[in-house]
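Colleague: One structure is given below, represented as structure tokens, and several questions about it will come after.
What follows draws every value from the coordinates through simple rules; no lab data is involved. Everything quoted here is computed from the prediction, not taken from an experiment. Neighbour counts run over all protein chains shown; Cβ positions are idealised from the backbone, glycine included.
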Amino acid sequence: MLGYVGTFTCRLDMPWVTNLKEKRALVRPVVERLKARFPVSVARLDGLDSHDWEIIGAVTVSNDAQWVEETLRRVAEFVVSNGEYRVSDESFEVWPLGDGGRDDEDEDA
């Protein structure tokens with residue numbers, strides 16, 4: 001096992017927001033702070049053209065699955081506590097990476 005890839009996605013609801021500029025002013029600072037504070041890549045994934053919701057995602061990679069999970073849990077806690085929105089859905093996934101490019105034929109040799 002080479003390592004682990006972890007993803008976190010969440011839906012941010014802002015039903016009181018009336019335009020995209022206002023929504024962007026709420027979401028962008030949190031995305032930028034996540035990038036600065038945690039060893040993750042962050043992206044705005046869906047709802048970019050909707051004024052009242054958005055889905056953001058974060059991803060990280062490590063050789064330690066527990067570290068990946070803990071990092072993404074801290075990211076989730078940060079998102080919940082640092083914005084003027086409601087987090088209505090969260091998803092965490094951690095996948096093992098391959099075996100360094102070895103294919104099945106190498107195992108038979």
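Colleague: Here are some conditions: (1) of a type in the set (G, A, S); (2) part of a strand (DSSP E or B); (3) more than 15 Å from the chain's Cα centre (by Cα). A43 meets all but one. Which one does it not meet?
Modeller: (3)
Colleague: Given (1) buried (at least 16 other Cβ atoms within 10 Å of the Cβ); (2) in contact (Cβ under 8 Å) with a residue 60 or more places away in the chain, where does S91 come up short, assuming only one miss?
Modeller: Condition not satisfied by S91: (1).
Colleague: OK, next. Which of the residues that make up region 13-27 are assigned to a helix (DSSP H, G or I), more than 27 Å from V94 (Cβ to Cβ) and in contact (Cβ under 8 Å) with a residue 40 or more places away in the chain?
Modeller: Residue satisfying the conditions is L26 alone.
Colleague: A follow-up question, please. Among the numbered criteria (1) touching an Asp or Glu at 6+ places or on another chain (Cβ under 6 Å); (2) in a helix (DSSP H, G or I); (3) surrounded by 16 or more Cβ atoms within 10 Å (Cβ to Cβ), which one does V31 miss?
Modeller: Exception for V31: condition (1).
Colleague: Residue check, V30 against (1) closer than 30 Å to M1 by Cα; (2) in contact (Cβ under 8 Å) with a residue 12 or more places away in the chain; (3) within 15 Å of the chain's Cα centre (by Cα), all met but one. Which one?
Modeller: Condition not satisfied by V30: (1).
Colleague: Restricting to region 46-63, what's the tally of residues that are under 25 Å from G98 (Cβ atoms) and in contact with a Gly (Cβ under 8 Å, 6 or more places away or on another chain)?
Modeller: 5
Colleague: Here's something else I'd like to know. Could you tell me whether region 53-65 includes any residue that is in a helix (DSSP H, G or I), acidic (D, E) and closer than 28 Å to L2 by Cβ?
Modeller: Scanning region 53-65, I find no residue that is in a helix (DSSP H, G or I), acidic (D, E) and closer than 28 Å to L2 by Cβ, so the answer is no.
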